[in-house]
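Step one of this worksheet: look at the structure below.
A short reminder: the numbers here are calculations on the coordinates, not readings from a lab. Values in this document were obtained by computation on a predicted structure and should not be read as measured data. Backbone-built Cβ (ideal geometry, glycine too); neighbour counts: all protein chains shown.
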Amino acid sequence: MTTRYLRPRSLTEALQLKAESAMPLTVLAGGTDVYPVRTQRAAWFEPQNRDLLDLSLIPELAGIDHGPDGIRIGAMATWSAIAEADFPPAFDALKQASRQVGGVQIQNRATIGGNLCNASPAADGVPPLLALEAEVELAGPHGSRRLPLASFVLGNRKTALAPDELLVAIHVPAQPAQARSTFKKLGARAYLVISIASVAINLALDEQGRIASLRIAVGACAAAPQRLSAIEARLLGQLPSPALAESVSASDLAPLSPIDDVRASAAYRRDAALVLVRRALAGLLSSPLEVAA
Ligand SMILES: Cc1cc2nc3c(=O)[nH]c(=O)nc-3n(C[C@H](O)[C@H](O)[C@H](O)COP(=O)(O)OP(=O)(O)OC[C@H]3O[C@@H](n4cnc5c(N)ncnc54)[C@H](O)[C@@H]3O)c2cc1C
């Protein structure tokens, strides 16, 4: 059976091709998740004979733009583009994650949009974007809609994307100038590894030097990355000190529901997440933080 390789030059054309197709198309961004899955299927004699819809020439999905309300990251922005972008310090966690998605060759091809749509529980892009309270912009034949990222990534390989929609961009609301962030990931080795657990934290102080906002997101320890709202609420209004990090306890990780798999046991993941949260928080709290102007 022959398949078509479709390469639309606009979002309208792409949505039209999707709507008109008699069978589901395979949407292709960088292909670093799409192609390994196809190869696996072929190895088990289940070739996927679907048309490919290549998004690489669509201008609406490209670029990283700064506006008065925040920053818009096009779905086709690669991890290398994100690593090199001129972002404020609140985006450090996202930049740190971008340098840890696979190796440089993967980072040069793989996109942030592909990472979110693939919705792996271990996707390294999700915790930093949850900690930035990012929203996704989706486009379909009847217009576009925006959703908080937490309502978009619903579970293991499950998103709120409708079959006729494409992810267009990620919007990060303007962050306080004094906000800082960090990302930590644990894998079975130091480089080129899928996370066993990952943590992103975003923190900002008020004029008195107290914690005015705190967002902690953990990846690879539930069907979808989770915020730890109990610790976030408890530490608000506190003066920063590394001791606060030690106050984080196993019960604060209640929103997590890790599984046993080839990478780690559930119990190991719980321990790892606790250590990573404490370590990431201690690092941020002992760094030279600025107060609000
Ligand atoms: C060797 C290797 C190492 C890796 N290491 C890591 C790692 O350390 N951390 C990590 O998080 N990931 C890792 N990955 C996974 C992968 O590189 C990332 O998830 C990457 O960001 C996917 O982006 P992509 O552009 O290649 O997506 P693609 O493979 O092109 O697409 C992924 C999925 O999203 C859909 N899709 C893509 N863009 C859109 C869109 N705009 N609208 C609607 N649907 C869309 C596709 O149809 C597909 O289902 C690794 C992969 C490889 C091969």
* Asked: Say we look at region 184-242 and pick out the residues that are farther than 22 Å from SER257 by Cα and among the basic types (Lys, Arg); which of these is nearest to the ligand (Cβ to nearest atom)?
  -> ARG189
* Which members of region 132-183 meet the condition of being within 30 Å of PRO240 (Cβ to Cβ), more than 13 Å from the chain's Cα centre (by Cα) and within 14 Å of the ligand (Cβ to nearest atom)? -> none
* Asked: Would you call LEU28 near the ligand (Cβ under 10 Å from one of its atoms), under 26 Å from the mean Cα position of the chain (by Cα) and over 29 Å from ILE71 (Cβ atoms)?
  -> no
* Asked: Here are some conditions: (1) within 13 Å of the ligand (Cβ to nearest atom); (2) aromatic (Phe, Trp, Tyr); (3) more than 30 Å from ALA177 (Cβ to Cβ); (4) in contact (Cβ under 8 Å) with a residue 12 or more places away in the chain. TYR5 meets all but one. Which one does it not meet?
  -> (1)
* Structure fact -> Going through region 223-265 in order, the residues found to be free of Cβ contacts under 8 Å to residues at least 12 places away in the same chain, surrounded by fewer than 14 Cβ atoms within 10 Å (Cβ to Cβ) and of a type in the set (A, V, I, L, M) are ALA233, ALA243, VAL262
* Structure fact -> The condition of being closer than 13 Å to ILE196 by Cα and either part of a helix (DSSP H, G or I) or in contact with a Ser or Thr (Cβ under 6 Å, 6 or more places away or on another chain) (or both) holds, among LEU276, LEU244, only for LEU276
* To do: Considering every residue within region 42-50, establish whether at least one is surrounded by 12 or more Cβ atoms within 10 Å (Cβ to Cβ), in contact (Cβ under 8 Å) with a residue 24 or more places away in the chain and within 15 Å of the ligand (Cβ to nearest atom).
  => yes
